[in-house]
Amino acid sequence: MTAIVAEAGVPGAGASVAERPAAHRTLPDVLRERALTARRMVIDMAASPTGCHLGGSLSAMDILIAALDRTASSDDGSQVVLSKGHAAAGLYAALYVTGILQEDPTPHYGAPTHHFTGHPGPAVPGVRFPTGSLGHGMPYALGWGLSRRLAGVGGLGIAVVGDGELQEGLIWETCQVAAAQRVGNLVVFVDRNGGQNDGLVADISPQPRLAERFEAFGFEVCEADGHDVAALRTLLEPDRTAAVKPLAIIADTVKGKGLRPVEGKAASHYVTIDAARATAWKGIVR
C-alpha cells in the first residue's frame, strides 16, 4: 500500500505518491517513497540464506530515512551511526534509496565474501564506524559531534539506538559525558519499538519515565511518532551549532512496521523466509 496524499490544488492529489506527477511530489512524498522501497528491500534480505533482523530494521526505517536525508542534503559533515547495528539490513536499504550507496545490497546481503554483512562496517560506503556490540555506536556519534565542535565546524553526530540497547551502561556513560562537555550537536534517536532479542522490554527491563531520565542527564528531549518520516526530518532541521544540550528524540515505533503479519511480534526480531513469502510480503508492505 502506498501513502495517500490529498493536497488541494495539486494535480494528482488523492492519488498514491507513486502515481503523482514527479513535479508535484513534496519532500514528505519522496521520503515516504524511499521508506516503502527500502522496506521491500529488507524483506528481500530476509529471504537471503542468512535471513536478517527484520523487525528492528522495519521499525527504524523512517528514522534512518529522515536522518540520512539530513546528512545527504547538507554539506556540514553530519554523520549517522546505527548503534543498533543488528538492523544493518535496514541501514543498507536506507543508504541505497537515499543515493549514498550506489550498489544494490539485496543480492549480496549476508554473502561471506561480500561487505554487506549482518552488522555494518566501514567497507560499506556511508558507514564510518563498525557497530553491532550494543551501546558502542552512541559514543562514536558523540565523538564525531565533539570533534566537529572542537574543530570549529558544524555538523551533527546522529546516533540511532534501540530501546533494548538502553540497558547497556555505556549508553548512560555517554549521556553523562555528552552533557558535561555540552555537545549540543549530538542527536540520539531512540527506536522505541518495545522489543528486544529475548522478548519485550517491558518484561525484561522496563523503562518508566524515559524522557525524564534523559532530562536528568542534561539532555533536551522530545517524543515523536517514529513513523512520521516528515516530522522526524523536521526535527533535524534546526542549526544546533550553538546548542549546549544534546538532543534525545524518543521515537515511538512498531516492531516490523509496515508488514501486518509481523507487526508488534517479538518473533519478528530475526526472520528467514523463502522467496515465495518474500514476494507475497512485498506486495502488502506499506
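The values are calculated or read from the model by the stated rules, or taken from the named source; none is laboratory data. All figures in this text were calculated on a predicted structure; none of them were measured in a lab. Cβ placement follows ideal geometry from the backbone for every residue including glycine, while neighbour counts extend to all protein chains displayed. We work out accessible area using only protein heavy atoms, side chains counted, and drop any ligands, DNA or RNA first. Shrake-Rupley method; radii C 1.70, N 1.55, O 1.52, S 1.80 Å.
Take the residues of region 65-94 that are in a loop (DSSP other than H, G, I, E, B), of a type in the set (Gly, Ala, Ser) and touching a helix residue (DSSP H, G or I) at 6+ places or on another chain (Cβ under 7 Å): which is least open to solvent (accessible area, probe 1.4 Å)?
From region 65-94, those in a loop (DSSP other than H, G, I, E, B) are 73-78, 83-84; that's our starting set.
Then drop every residue that is not of a type in the set (Gly, Ala, Ser), which leaves 73-74, 77-78, 83.
Then keep just the ones that are touching a helix residue (DSSP H, G or I) at 6+ places or on another chain (Cβ under 7 Å); that gives 77-78, 83.
Values: Gly77: 28, Ser78: 15, Ser83: 0 Å².
In this case the residue turns out to be Ser83.
If you scan region 255-286, which residues turn out to be of a type in the set (A, V, I, L, M) and open to solvent by 50 Å² or more (accessible area, probe 1.4 Å)? Break it down into steps so the answer makes sense when it comes.
Taking region 255-286 as the starting set, the residues that turn out to be of a type in the set (A, V, I, L, M) are 259, 262, 266-267, 271, 273, 275-276, 278, 280, 284-285.
Correct list: Ala267, Ala275, Ala276, Ala280, Ile284.
Out of all the residues in region 212-228, which are touching a residue at least 60 places away in the same chain (Cβ under 8 Å) and of a type in the set (Val, Ile, Thr)? Explain how you work it out, then say what you get.
Applying the first criterion (touching a residue at least 60 places away in the same chain (Cβ under 8 Å)) to region 212-228 yields 226-228.
Matches in region 212-228: none.
Pairs are defined by a Cβ separation below 6 Å, a sequence spacing of at least 6 or placement on different chains, a first member in region 258-282 that is touching a residue at least 40 places away in the same chain (Cβ under 8 Å), and a second member that is surrounded by fewer than 17 Cβ atoms within 10 Å (Cβ to Cβ) and of a type in the set (S, T, N, Q); the pairs so defined are His269/Asn197.
Determine if region 53-64 includes at least one residue that is open to solvent by 10 Å² or more (accessible area, probe 1.4 Å) and not acidic (Asp, Glu). Looking for residues that are open to solvent by 10 Å² or more (accessible area, probe 1.4 Å) and not acidic (Asp, Glu), one finds at least one in region 53-64, hence yes.
From the list Ala224, Ala242, which residue is of a type in the set (A, V, I, L, M), open to solvent by less than 70 Å² (accessible area, probe 1.4 Å) and out of contact with any Cys (no Cβ under 6 Å at 6 or more places or on another chain)? Even if it seems obvious, please write down each step before you answer.
Details: Ala242 fails: open to solvent by less than 70 Å² (accessible area, probe 1.4 Å).
So the residue among Ala224, Ala242 that is of a type in the set (A, V, I, L, M), open to solvent by less than 70 Å² (accessible area, probe 1.4 Å) and out of contact with any Cys (no Cβ under 6 Å at 6 or more places or on another chain) is Ala224.
Consider region 95-143 and keep the residues that are touching an Asp or Glu at 6+ places or on another chain (Cβ under 9 Å) and in a helix (DSSP H, G or I). The one that is most open to solvent (accessible area, probe 1.4 Å) is Tyr96.
For region 103-141, give me each residue that is among the β-branched types (Val, Ile, Thr), touching a strand residue (DSSP E or B) at 6+ places or on another chain (Cβ under 9 Å) and over 12 Å from His86 (Cα atoms).
Of all residues in region 103-141, those among the β-branched types (Val, Ile, Thr) come to 106, 113, 117, 124, 127, 131.
Now narrow it down to the ones that are touching a strand residue (DSSP E or B) at 6+ places or on another chain (Cβ under 9 Å): 127, 131.
Correct list: Val127 only.
Residues of region 173-214 that are modelled with pLDDT under 95, among the hydrophobic types (A, V, I, L, M, F, W, C) and either under 16 Å from Ala251 (Cβ atoms) or within 20 Å of the chain's Cα centre (by Cα) (or both): Leu200, Val201. Tally time: how many residues in region 98-135 are in contact (Cβ under 8 Å) with a residue 40 or more places away in the chain and among the polar types (S, T, N, Q)? The total comes to 4.
Is region 169-192 home to any residue that is over 19 Å from Gly90 (Cα atoms) and in a strand (DSSP E or B)?
Filtering region 169-192 for residues over 19 Å from Gly90 (Cα atoms) gives 169-187.
Those still in the list that are in a strand (DSSP E or B) too: 186-187.
Looking through region 169-192, at least one residue is over 19 Å from Gly90 (Cα atoms) and in a strand (DSSP E or B).
For Thr241, the requirement of being closer than 27 Å to Thr98 by Cβ and assigned to a helix (DSSP H, G or I) is not met. Checking every residue in region 144-157 against the condition of being within 20 Å of Ile204 (Cα to Cα) and either modelled with pLDDT of 95 or more or in a strand (DSSP E or B) (or both) gives zero matches.
Report whether or not Val229 is open to solvent by less than 20 Å² (accessible area, probe 1.4 Å) and at pLDDT below 95. Against the criterion (open to solvent by less than 20 Å² (accessible area, probe 1.4 Å) and at pLDDT below 95), Val229 does not qualify. The residues in region 159-172 that are open to solvent by less than 70 Å² (accessible area, probe 1.4 Å) and either within 19 Å of the chain's Cα centre (by Cα) or charged (D, E, K, R) (or both) can be counted, and the count is 9.
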